[in-house]
Amino acid sequence: PTQKYCVLKVMSKKRVVELNQLEHVQSEVEILRMVQHPNVVALYGTFQDSKNLYLVQEYIAGGEVFSHLRTMQYFDLDVTRFYAAEILLVFQMLQNHNLVYRDLKPENLVFSADGHIKFIDFGFAKQITDRTYTLCGTPEYLAPEVIRGEGASFCSDWWSYGILIYEFLVGQTPFVDD
């Protein structure tokens, strides 16, 4: 009815259960309903049938940050500052809701048609009071305390934020070595 394109995220119920991801899927939906921000994908609705779960989300036309970064190799300083500021605003909003994101990486960010960053995957995000001890995320972006089993907190998100900014400027994460 809005004449706008949407994305239909389809998840097999069987696969969600097999991978023990039901809690993550439920959490993602709750969080996307809770947070509305210009730099976060909008969730328009959810439904299910006997085999699948469906999330109806905003269509974002600009492509994955990951793909653009690989094509360009790195972003210049001013571009990095701009995107870092947009990510910072999302992290501030998440922390105001006591949410830790836990999976910041170029694959979970896309560009809108007008060139703004959008967060698209909230599968590992979680509301916390202090820490959460579930080990999840991408190894190159994990904070030392998470690797040591001391739990993830808001500080863990800021660690991955620093890793991402480094990758934007250099073209690879800082700990790439044999």
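In table form, for the structure just shown:
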{"item": "Length-normalised contact order of the chain in % [C-alpha pairs under 8 Å, at least 6 apart]", "result": "23"}
{"item": "Span from the the range 101-145 Cα centroid across to the the range 156-178 one, whole angstrom", "result": "13"}
{"item": "Percent of Cα-Cα distances greater than 21 Å, calculated over the chain", "result": "51"}
{"item": "Estimated FRET transfer efficiency when R0 is 45 angstrom, pair Y54-F175 (beta carbons, to 0.05)", "result": "0.75"}
{"item": "log10 of Debye I(q)/I(0), alpha-carbon scatterers only, for the range 83-178 at 0.15 Å⁻¹", "result": "-0.57"}
{"item": "Rough spin-label spacing in nm, given labels placed 7 Å along Cα→Cβ, for Q92 and H116", "result": "1.5"}
{"item": "When each of K105/K126; K4/K118; K4/K51; K51/K118 is checked by Cα-Cα distance, pairs over 21 Å", "result": "K4/K51; K51/K118"}
{"item": "Axial C-alpha extent at least 15 Å, average Kyte-Doolittle at least -1.0 - helices from the chain (DSSP)", "result": "22-34, 77-96, 154-170"}
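No lab work stands behind these numbers, since they all come straight from the coordinates. Since this is a predicted model, take the numbers as computed values, not measurements. Quick reminder, even Gly has a Cβ in these numbers, built from the backbone with ideal geometry, and neighbours come from all protein chains shown.
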